[in-house]
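The values are calculated or read from the model by the stated rules, or taken from the named source; none is laboratory data. Remember, predicted model here, so these are calculated numbers, not experimental data. Don't worry about glycine lacking a Cβ; one is built from the backbone with ideal geometry, like all the others, and counts go over all protein chains shown.
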Ligand SMILES: [Zn+2]
Ligand SMILES: [Zn+2]
């Protein structure tokens with residue numbers, strides 16, 4: 001199973017909270033992470049521990065910071081989210097609604113399906129809000145002969 005598919009929404013939010021709180025030489029404290037999630041420190045720790053077990057977060061001098069895998073998982077998430085937002089936008093959902101709609105499926109969808117959706121939309125370069133979508137890795141020509 002792909003890493004994103006194993007994460008809960010709260011765990012993803014925890015990863016993002018660490019990214020926004022950490023500095024290059026110092027991680028984020030549990031107190032800060034909990035505050036940005038609006039949770040108590042013990043509840044935040046409950047989301048943090050599985051992230052450590054998955055190798056996405058590591059302890060450093062008593063604080064938490066993202067590993068390389070944690071960082072690349074967030075990049076992948078962003079791509080899933082924006083490609084799905086674009087899909088929903090093309091299906092007629094209003095820009096104000098596509099973000100919440102995308103969050104309903106962006107963790108569950110596989111990388112492969114995201115690439116197929118990206119290709120079907122002719123590789124959009126930005127989401128409906130104008131945020132950039134990184135170039136995709138979809139191999140050329142796989143869909144042409146299928147179907
Ligand atoms: Zn969004
Ligand atoms: Zn693409």
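Side notes on the structure shown:
- Restricting attention to the stretch 29-60, the residues that are closer than 23 Å to residue 103 by Cβ and not in a helix (DSSP H, G or I) total 5.
- Among the residues of the stretch 90-106, at least one is in contact with a helix residue (DSSP H, G or I) (Cβ under 9 Å, 6 or more places away or on another chain), assigned to a loop (DSSP other than H, G, I, E, B) and in contact (Cβ under 8 Å) with a residue 24 or more places away in the chain.
- Filter result (within 16 Å of ligand 2 (Cβ to nearest atom) and surrounded by fewer than 13 Cβ atoms within 10 Å (Cβ to Cβ)) within the stretch 96-116: 112
- Check on residue 93, within 16 Å of ligand 2 (Cβ to nearest atom), modelled with pLDDT of 95 or more, farther than 24 Å from residue 32 by Cβ and surrounded by 14 or more Cβ atoms within 10 Å (Cβ to Cβ): no
- Check on residue 119, surrounded by 14 or more Cβ atoms within 10 Å (Cβ to Cβ), within 16 Å of ligand 2 (Cβ to nearest atom), assigned to a helix (DSSP H, G or I) and in contact (Cβ under 8 Å) with a residue 40 or more places away in the chain: no
- Checking 64, 36, 72 one by one, the residue that is under 29 Å from residue 125 (Cβ atoms) and either surrounded by fewer than 18 Cβ atoms within 10 Å (Cβ to Cβ) or more than 16 Å from ligand 2 (Cβ to nearest atom) (or both) is 72 and no other.
- Among the residues making up the stretch 3-28, those that are assigned to a loop (DSSP other than H, G, I, E, B) and modelled with pLDDT under 95 are 22, 24, 25, 27.
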